[in-house]
1. So what is the relative contact order of the chain, in percent, for Cα pairs below 8 Å that sit 6 or more residues apart?
2. Around LEU159, what is the net charge, scoring Lys/Arg as +1 and Asp/Glu as -1 over all other residues with Cβ under 14 Å from its Cβ?
3. Which Cα, out of THR280, TRP27, LEU637, lies furthest along the positive dipole direction of the chain (beta carbon charges, K/R +1, D/E -1)?
4. When averaged across all projection directions, what area in nm² does the alpha-carbon convex hull of segment 179-312 cover?
5. Expressed in nm to one decimal, what extension gain is obtained for the pair VAL214 and ARG163 from 0.36 nm per residue of sequence separation less their Cα-Cα distance?
6. Hey, rough spin-label estimate for ALA354 and GLN792, points 7 angstrom out along Cα→Cβ, what's it come to in nanometres?
7. Only Lys, Arg, Asp and Glu count, each charged at its Cβ (+1, +1, -1, -1), so figure out the dipole size of the chain about its Cα centre, rounded to 20 debye.
8. Which peptide among 433-445, 162-174 comes first, and what is the full order, when sorted by highest mean count of other Cβ atoms within 10 Å?
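The values are calculated or read from the model by the stated rules, or taken from the named source; none is laboratory data. Keep in mind it's a predicted model, so treat the numbers as computed, not measured. Cβ: placed from backbone, ideal geometry, glycine included. Neighbour counts: every protein chain shown. For accessibility, only protein heavy atoms count, side chains too; no ligands or nucleic acids. Shrake-Rupley method; radii C 1.70, N 1.55, O 1.52, S 1.80 Å.
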Amino acid sequence: MRWIRRGLAALLLLTLLAAAAGALYAWKTLPAQDGRLLLAGARGEIRIERDAHGIPTIVAGHPLDAYFGLGVAHAQDRLWQLETHRRIAAGQTAEAFGAAALETDRFLRALGVRRAAEAQWARAAPSTREIVEAYAAGINAVVAQGGQARAPEFVVLGLQPGRWEGPDSLAWAIMMAWDLGGNWSTELLRLRLAQKMPVARIEQLLPPYPGDAVPATADYAALYRSLGLGPDKVAALTRGFDAAPPSGVEGVGSNNWVVAGSRTTTGSPLLANDPHLKLTAPALWYFARLKAPGLDVAGATMPGLPFVVLGQNADIAWGFTNTGPDVQDLYLEQPDPADPSRVRTPDGFAPLQASQELIRVKGGADVPITVRRSRHGPVISDAGGMADALGAKPGYLLAMRWTALDADSDPIAVGLALQQATSVDGFFQATRGLVAPMQNMVVADRAGRIGVISPGRVPVRAPENDLGGRVPAPGWDARYDWTGFVPEGETPRRRDPAVGWIATANQRITEPGYPHHLTHEWALPYRQQRIEQMLESRPKHSLQDLSAMQMDARSLAVQKLLPWLKRAQSPHPLAAAAKAQLETFDGEMAAGQPAPLIAWAWQRQLARGLFADDAGEALWDKALASRSFQDTLEAVLARDDASWCDDRTTPAAETCAMQSDAAFTRALDELAARHGRDVAAWRWGAAHVARSEHRPFSKVPVLHRLFELRTPVGGDSHTVMAMRVGLRPDKLTGDLYDVDHSASLRAVYDVADRSKSGVVHSTGQSGIVFSSRYRDLVGPWTRGELLPLWPQGAPAAVLLVQPAVK
């Protein structure tokens, strides 16, 4: 018995030692927030004053030290996020995550994000380079100092932090432009659909913006047939594209509005902004304040970038939404049958630029990849190994022309200028030179002026371009080349409208008669319409009114389809209880109610019932199942279109009413299986859960619940409180209707009294899972509560960063 007691005692001692070691490690991962920190590269003393939520105020005697201090704060709180940003943009994720990430790396290497960033860095202005280098020096100094233990992601994956360099910041800016611009994916979808149906039917499935005519476009389905581009060749051409980072996701967008003093309770302008982006843990945004001679600005920074992207200084406040211009075109390139290293051009065959790269793979052999560039841009079909495959059997390649890859693009210089502007006119001037991403920027100044400008480089296409940039075009035909760009001074802009407010929500921003084409692919106007309703609902608005508007969950889109749902009939035993819940439902997407869940389950089932038979199950699951088809459903049901409502896979002739009834029955089967048979107990928020994904541990069953952040929410894809409804089952959990894109931050600004301005983002300031600030903003974000952007009290902690003695 004695040896048993001794063994148990030893086991207990080992357990306690392990727990103590774990606690010590967890504590060591947290950054120093007070006292002194000696770092090489600082010019003078830098004060990093953190408030109760971990938001730093960086006070320096020189602006370059303020940017150095921002790099320090980012590295202390978000080093793993910086590491993932650097690796994603460089196509180096397989080196950290293994073979599962290889195809994504192949695509990003073919796209050439890092190569483009290096070209842009070589042309960047000396003033921009100086600031970026100071910021990078702050990051690298924290890593080199080594006083903070590596975050658990580094330890689990056996990695050391990489060195941050100037091109890494530009590369991440390009990746943000990628996230916001998805026209290439719509072109690709039309190419795939052209293998299944005629162009006229594609135009019904992917209809134009409400009120617009169908764009005049050549019969591209016939064009592809004439080129011998059938389903097999399309599949080979697009192999590897499924691994591309998502872009152009339905629900990615933003809201912003600015109200003139004539329409506010303060008599001065108020401004609101909530950009809708991918929810991540930690959040994409990191709040900070920068104070130095000539620099006094606060707001949302982004780890990897050395400036305040969205925020307020002493004179102005500003906010962005995505314009979504068509700045990506795909081109079919035809290799020379006698020499596949050359492709056909309007002037004969010309050589491709080619280089060799090596992708390192954790736990596997290195993978060489040939990357090429045509006169249009990177050959993205090389992501699927086409460079090697077509060496022996020439076919077609696919190249991309995209403004964000242009060598003269310098979004960092523009971002730095915007945060220094002191008036609406000065802000407009500061936007000059922006290439991508094009944004709708609202701004207000202390003088009482308001404005909006949408700067960016937008291509001009020739009148004889009968494909209009809507589908992949023959790269050897000069009529499909861009002929120039919209003049910089002629992109949309307005100042001080008589109505007393300006709002954008990714809807069409051009007025009738605007002379330039920006895009055919505006977001549906429901959020904009609801914002306008609320702005016109009262003569004057307070800052609290603007904050409440951001949390509005009335879905005008659901209201459009609701009459069909309420008329639906079903023999299902739960149908009567479900219809009882729908009787008083008016489109208010409350998390605690069953009706929103019933509505979206029905819409999902109805879209599949109407359109999957035409597209085919494989294409539906690959490219269409995540779409709501809101506008298509409205149009098909409004005209009672039997050509879509009839199921081609059955001998019967189904009507739209029959399809609606069947979708209702399938929806009730689905919901009963997932949520039980008590309809009154169903809750929208039980399924509609905002999910902040962690890279890469959201994909690891043992770890995802620890690192991933979840919270039940209301709203939907079309409410002002935008919560994109996920229509694909989660790969790990199988959950439906969760939210992966939403308001990544919310901000309201009082231009006259900035102590009243408030902000919140979706997780917490820290990216270290052991920190109390990893998830402390989830609750306030869910409830619509804001933190003071400019706190008045004493800081909770003060860290003095001082130059290390060499």
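1. Numbers: 1715 pairs, mean separation 152.0, N = 806.
Once divided by the residue count of the chain, the mean separation gives 19 percent.
2. Details: positive: ARG86, ARG87, ARG150, ARG163, ARG360, LYS362, ARG695; negative: GLU83, GLU95, GLU153.
Combined, the nearby Lys, Arg, Asp and Glu give +4.
3. Comparing the listed Cα positions along the dipole, TRP27 ranks first.
4. In nm², the orientation-averaged hull projection of segment 179-312 is 13.8.
5. 13.4 nm
6. Once both label points are built, they end up 6.9 nm from each other.
7. 2120 debye
8. Peptide ranking by packing, descending: 433-445, 162-174.
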